[in-house]
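One structure, as structure tokens, below. Some questions next.
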Amino acid sequence: MRQAIPGQRDSRRYRSRLLQPEAERHADTHPLTWRLRDDGEAVWLDDYLRKDGYQSVRKALDDGDPQAVIASMKAANVRGRGGGGFSTGLKWSLTLQGGEMPRGYLVCNADEMEPGTFKDRLLMEQQPHLLIEGMILGAYANNSCYGYIFLRGEYVESARVLNLALDEAREAGWLGADINGSGFDFDIAVHTGAGRYICGEETALINSLEGKRANPRAKPPFPGQSGAWGKPSVVNNVETLCNVPAVILNGADWYQTLSGGRTDDGGTKLYGISGPVENPGLWELPMGTTGAEILERAGGMCGNRQLKAWLPGGASTGFLLPEHLQLPLDFDTVGKEGSRLGTGLLTVVPDHQSMVALMRNLEEFFARESCGWCTPCRDGLPWVVKLLQALEWGEGEEGDIELLDKLAADCGPGLTFCAHAPGAAMPLQTALKHFRHEFEQGVRKPGSKAHQDPIPVGEV
Amino acid sequence: MATTPQTTGLIGSDGFHLHPADEAAMLEEMAHYEQPQAACIEALKIVQRRHGWVPDEAIVAIARVLGIGPAAVEGVATFYSLIFRQPVGRHVVLVCDSSSCFLTGFDELKRALVSQLGIDYGQTTDDDRFTLLPVCCLGACDGAPALMIDADTYGPVSAGDLPDLLEGYP
Ligand SMILES: Cc1cc2nc3c(=O)[nH]c(=O)nc-3n(C[C@H](O)[C@H](O)[C@H](O)COP(=O)(O)O)c2cc1C
Ligand code: SF4
Ligand code: FES
């Protein structure tokens with residue numbers, strides 16, 4: 001693409017950043033970020049090697065036991081950071097390998113498109129070698145012959161940094177044939193996408209990787225049984241893979257202690273926050289840190305706004321209330337409150353924000369990004385948008401809210417081909433539960449005058 | 001991995017010329033995958049980088065290089081939002097309309113874009129300079145509201161920043 005002429009607008013250029021200075025980050029407490037530089041430049045190979053880089057690969061290959069890598073991941077209980085929270089060790093133990101089974105693929109899900117999420121970008125732009133190191137370990141454990149980083153097309157800077165880092169790693173013998181003299185072969189290519197949120201769903205991602213439309217596939221078979229080109233394939237999120245090297249180097253017990261007893265889940269998490277807060281940003285914190293601490297690190301709400309509600313981990317998670325700020329943000333605790341940890345990046349809603357308008361915005365996203373395969377999602381979500389638009393304009397009809405309840409229920413877990421529709425239903429159902437009166441206010445009272453303008457039936 | 005076939009030098013119908021360098025780039029991409037079809041999205045992007053968009057004739061030409069049917073290529077081309085099947089301006093403005101931007105001033109930014117460019121979503125300015133499109137969360141929510149112009153991401157962007165930003169894209 002064309003380059004801009006440099007000038008004043010460089011000050012408006014977006015740069016991914018971590019809001020913790022180097023002095024606060026240490027190898028034994030911040031496995032994901034301790035190597036990051038205060039100047040925000042990428043950690044290239046020399047620097048990375050000086051900071052223990054690729055030591056976990058050396059260790060695992062010297063040990064020569066791929067099953068031991070899986071056992072460590074299981075014992076550490078590393079849970080998927082792409083939003084689902086599935087145990088990575090368990091997933092890896094189910095990948096078909098051995099006997100007649102051909103070697104498969106390791107796919108890094110770098111499609112980061114969940115509204116409110118900006119964590120994988122930081123890891124890729126500033127520390128590409130940690131991801132590569134994690135992928136080598138993943139490939140070794142799962143007997144993958146080749147790896148793909150499925151990167152969303154808009155992440156131009158991530159692509160540039162990753163490709164340079166892959167060249168460095170290849171040249172230094174960390175990728176390619178006979179890695180570090182171990183006899184293990186593995187290489188990685190960056191595959192860039194061309195838009196569409198649904199590509200992040202792991203089976204849609206595999207279709208997209210194969211050069212097809214990104215409709216999800218039926219499960220089973222799971223990717224670990226039959227994925228890309230019918231071969232056993234492992235799909236993991238960027239942050240998940242970045243957790244692997246430290247687990248292998250320092251052990252599962254150490255990993256468990258990182259969360260300091262806040263939760264049964266071990267490790268740290270890249271938590272973040274956005275919306276109208278004073279300092280939106282990202283921090284690496286113990287798993288199970290509370291929403292209150294994250295909001296405090298962000299300097300609280302902008303101006304003298306109050307917090308009305310928040311999403312704990314992206315648009316497809318359920319709304320929580322200010323009273324939930326004291327909860328440890330881990331997969332199980334947030335799940336028990338009728339929401340999901342999701343990606344762990346909070347979105348805050350200020351007191352003056354109409355929940356009806358915000359829901360309309362969220363559902364426009366889900367309706368537009370539906371892949372169109374199943375009816376409740378393809379036809380139900382645009383209908384939800386129209387109902388919300390009407391309520392937003394004070395043009396709702398009696399029964400509209402009940403209809404929203406029904407359309408959301410039709411999108412519930414297990415009723416559609418993939419988790420996109422349940423993701424659209426969860427924020428709607430929780431908004432209707434906590435803020436029903438706001439939706440009711442949008443219903444036209446008998447005898448009241450109709451709105452002058454027609455209901456906008458926007459493109460969805 | 002697929003073996004790398006020789007350049008075909010094929011010319012699409014209606015005189016559309018696949019640039020030899022582009023065809024070579026497609027063949028190189030194909031080598032990264034077990035099946036040539038996997039290079040389809042990249043092939044579309046290669047054409048788009050040169051022409052700004054993907055004309056019908058390019059679909060046929062790509063299909064020949066990949067050795068698959070034009071319908072498969074067209075199916076892919078119409079699925080993905082960053083593949084343009086109509087001409088676009090010299091610069092594409094992608095404005096994020098997702099939740100964090102919505103909560104931090106997207107409406108105002110969008111209004112300012114519409115009034116300063118004189119176009120709405122999907123339209124191109126009369127001088128063929130800009131096309132305006134919405135995009136999902138750009139993963140720049142700590143810099144919301146955010147937008148992209150071509151390959152450059154900006155945020156936070158206020159309505160007042162726009163004249164200066166747009167000026168950089170003649
Ligand atoms: C609609 C939809 C979009 C998704 N988008 C992403 C994504 O952008 N990145 C990601 O890592 N996982 C995404 N996921 C989750 C993946 O399907 C999958 O669970 C994940 O990549 C597994 O990796 P993990 O276990 O390491 O989290 C998405 C799921 C759905 C249903
Ligand atoms: S739930 Fe929606 S996105 Fe998922 S397969 Fe069905 S139509 Fe496609
Ligand atoms: S919501 Fe706009 S960049 Fe994330």
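The values are calculated or read from the model by the stated rules, or taken from the named source; none is laboratory data. All of these numbers come straight from a predicted model, not from anything done at the bench. In this analysis, Cβ positions are derived from the backbone assuming ideal geometry, glycine residues included, and neighbour counts consider all displayed protein chains. Note: accessible area is taken over every heavy atom of the protein model, side chains too, but ligands, DNA and RNA are not part of it. Shrake-Rupley method; radii C 1.70, N 1.55, O 1.52, S 1.80 Å.
Between 0 and 90 degrees, rounded to the nearest ten: what's the tilt of helix B:40-51 against the longest Cα principal axis of chain B?
So the inclination is approximately 70 degrees.
Regarding the protein assembly as shown, what are the three Cα extents along the principal axes, ordered largest first, in Å?
Largest to smallest, the principal-axis extents are 81, 68, 50 Å.
With a Förster radius of 60 Å, plug the Cβ-Cβ distance of B:Arg85 and A:Leu19 into 1/(1 + (r/R0)^6) and report the FRET value to the nearest 0.05.
Numbers: r = 41 Å, r/R0 = 0.69.
FRET efficiency, B:Arg85 to A:Leu19: 0.90.
Here's a follow-up. Is it possible to state the helix-based mean residue ellipticity at 222 nm for chain A, with each DSSP H run of 4+ residues giving -39500 (n - 2.57), the sum divided by total residues, to the nearest 500 deg cm²/dmol? What is it?
On the way: 18 runs with 173 residues, N = 460.
-11000 deg cm²/dmol, from helical runs alone.
Run the simple label-point estimate for B:Val114 and A:Ala292 please: 7 Å along Cα→C-beta, distance reported in nm.
Label at B:Val114, label at A:Ala292, 4.3 nm between them.
Next question, about the same structure. Just to compare against my own numbers: the Cα pair-distance distribution for the range A:129-171, 10 Å bins, whole % per bin, please.
25, 54, 20, 0
Another one. For the range B:124-165, what is the per residue volume of the convex hull drawn over the alpha-carbon atoms, in cubic angstrom?
Details: hull volume 3.4 nm³, N = 42.
Enclosed volume per residue, from the Cα hull, is 81 Å³.
Any chance you could give the angle, 0 to 90 degrees and rounded to 10, that helix B:56-66 forms with the longest Cα principal axis of chain B?
The answer is roughly 50 degrees.
Once neighbouring chains are kept in place and the probe is 1.4 Å, which whole percent of the accessible area of chain A is contributed by carbon and sulfur?
Numbers: 8670 of 17170 Å².
About 51 percent, which is the carbon plus sulfur part of the accessible surface.
Looking only at the range B:91-167, where both bridge partners belong to it, what percent of the DSSP beta bridges are antiparallel (to the nearest 5)?
Details: 7 of 13 bridges.
Of those bridges, close to 55 percent are antiparallel.
With viscosity set to 0.692 mPa s and temperature to 37 °C, compute the Stokes-Einstein D of the range A:142-200, Rh being the Kirkwood radius across alpha carbon pairs; µm²/s, no decimals.
Details: Rh = 12.6 Å.
Rounded to a whole number, D works out at 260 µm²/s.
Let me ask another. How well do other chains shield peptide A:149-155, expressed as the mean number of their Cβ atoms within 10 Å of each residue Cβ?
Values: counts 0, 0, 0, 5, 7, 12, 3.
Across A:149-155, the average partner-chain Cβ count within 10 Å equals 4.
In whole Å, what are the extents of the range B:91-167 along the principal axes defined by its C-alpha atoms, from largest to smallest?
Largest to smallest, the principal-axis extents are 34, 21, 20 Å.
Once the cut-off is 20 Å, how many percent of the Cα-Cα pairs in the range A:117-215 end up in the long-distance tail? Before the final figure, lay out the partial values.
Numbers: 1975 of 4851 pairs.
Roughly 41 percent, once rounded to a whole number.
Let me ask something additional. If each of A:Asn180 and B:Glu28 carries a label point 7 Å out from its Cα toward its Cβ, how far apart are those two points in nm?
Placing both labels 7 Å along Cα→Cβ, they lie 3.0 nm apart.
Of all DSSP beta bridges in chain A, what percent run antiparallel (nearest 5)?
Working: 15 of 37 bridges.
Beta bridges within chain A, antiparallel portion: roughly 40 percent.
If you don't mind, there's one more thing I want to ask. Once you sort the root eigenvalues of the Cα gyration tensor of the range A:99-173 as a ≥ b ≥ c, which label holds: rounded (a/c under 1.5), prolate (a/b larger than b/c) or oblate (the other case)? Intermediate values should be presented prior to the final figure.
Details: a/c = 2.39, a/b = 1.46, b/c = 1.63.
Oblate shape, in that a/c is at least 1.5 and b/c is the bigger or equal ratio.
Please list A:Thr375, B:Thr125 from largest to smallest accessible area, probe radius 1.4 Å, with all protein chains kept in place.
Values: A:Thr375 80, B:Thr125 15 Å².
Solvent-accessible surface, decreasing: A:Thr375, B:Thr125.
So how many Å³ per residue does the convex hull of the Cα atoms of the range A:48-201 work out to? Show your work: numbers first, answer last.
On the way: hull volume 18.8 nm³, N = 154.
About 122 Å³ per residue, rounded to a whole number.
What does the charge dipole of the protein assembly as shown about its Cα centre add up to, to the nearest 20 debye, if the Cβ of each Lys and Arg holds +1 and the Cβ of each Asp and Glu holds -1? Before the final figure, lay out the partial values.
Values: 55 positive and 83 negative charges, 129 e Å.
Computed about the Cα centre, the dipole is about 620 debye.
Which of B:Val135, B:Thr124, B:Leu147 sits closest to the plus end of the dipole of the range B:91-167, meaning its Cα is farthest towards the positive end, when Lys and Arg get +1 and Asp and Glu get -1 on the C-beta?
B:Val135
How well do other chains shield peptide B:143-151, expressed as the mean number of their Cβ atoms within 10 Å of each residue Cβ?
Other-chain Cβ atoms within 10 Å of each residue's Cβ, averaged: 5.
Of the listed peptides B:61-73, A:166-178, what is their order by residue-averaged count of other C-beta atoms within 10 Å, with the highest listed first?
On the way: B:61-73: 19.1, A:166-178: 16.2.
Peptide ranking by packing, descending: B:61-73, A:166-178.
Continuing with the same structure: Give the Debye-formula value of log10 I(q)/I(0) at each listed q (0.14, 0.16 Å⁻¹), with one equal scatterer per alpha carbon of the range B:61-134, two decimals each.
Values, matching the q order: -0.58, -0.69.
Beta carbons within 10 angstrom, averaged per residue: use that to sort the peptides B:16-29, A:90-103, A:131-144, A:73-86, highest first. Could the numbers behind the result be given before it?
Details: B:16-29: 17.1, A:90-103: 14.7, A:131-144: 26.1, A:73-86: 21.4.
Most protected by this proxy first, the peptides run A:131-144, A:73-86, B:16-29, A:90-103.
Another question, if that's okay. Mind ranking B:Asp107, B:Asp97 by accessible surface for me, highest first, 1.4 Å probe? Display every interim value, and only then the final one.
On the way: B:Asp107 75, B:Asp97 25 Å².
The most accessible residue leads, giving B:Asp107, B:Asp97.
What is the magnitude of the charge dipole of chain B about its Cα centre, with +1 placed on the Cβ of each Lys and Arg, -1 on the Cβ of each Asp and Glu, and no other charges, expressed in debye to the nearest 20?
Numbers: 9 positive and 23 negative charges, 49 e Å.
Rounded to the nearest 20 debye, it is 240 debye.
Okay, moving on. Across peptide A:189-198, how many C-beta atoms of other chains are within 10 Å of each residue C-beta, on average?
Numbers: counts 5, 1, 7, 4, 6, 14, 10, 5, 4, 1.
Averaged over the peptide's residues, the number is 6.
Among DSSP beta bridges lying fully in the range A:88-247, give the percent that are antiparallel, nearest 5. Display every interim value, and only then the final one.
Values: 1 of 19 bridges.
Counting DSSP beta bridges with both partners in the range A:88-247, the antiparallel share is about 5 percent.
Also, I was wondering about something else. So what is the diffusion coefficient of the range A:17-124 in µm² per second by Stokes-Einstein at 10 °C and 1.306 mPa s, using a Kirkwood Rh over Cα pairs? Can you show the working numbers first?
Details: Rh = 16.7 Å.
It comes out at roughly 95 µm²/s.
What FRET efficiency, computed as 1/(1 + (r/R0)^6) with R0 = 60 Å and r the Cβ-Cβ distance, is obtained for A:Leu90 and B:Arg50, rounded to the nearest 0.05? Spell out each step's value before the answer.
Numbers: r = 46 Å, r/R0 = 0.77.
Efficiency, rounded to the nearest 0.05: 0.85.
Please report, to one decimal in angstroms, the Kirkwood hydrodynamic radius of the range A:263-375 built from all distinct Cα-Cα pairs. Write out the running numbers ahead of the final one.
Values: mean 1/r = 0.0685 Å⁻¹.
Every distinct Cα pair counted, the radius reaches 14.6 Å.
Related question: List the residues of the range A:39-74 whose backbone N lies under 16 Å from a point placed 7 Å from the Cα of A:Ala27 along the Cα-to-Cβ direction.
A:46-60
Take every Cα-Cα distance within chain B, group them into 5 Å bins from 0 onward, and report for each bin the whole-number percent of pairs it holds.
1, 8, 16, 17, 14, 12, 11, 10, 7, 3, 0
Here's a follow-up. How far is helix B:106-117 tilted off the main Cα axis of chain B, in degrees rounded to 10, range 0 to 90?
80
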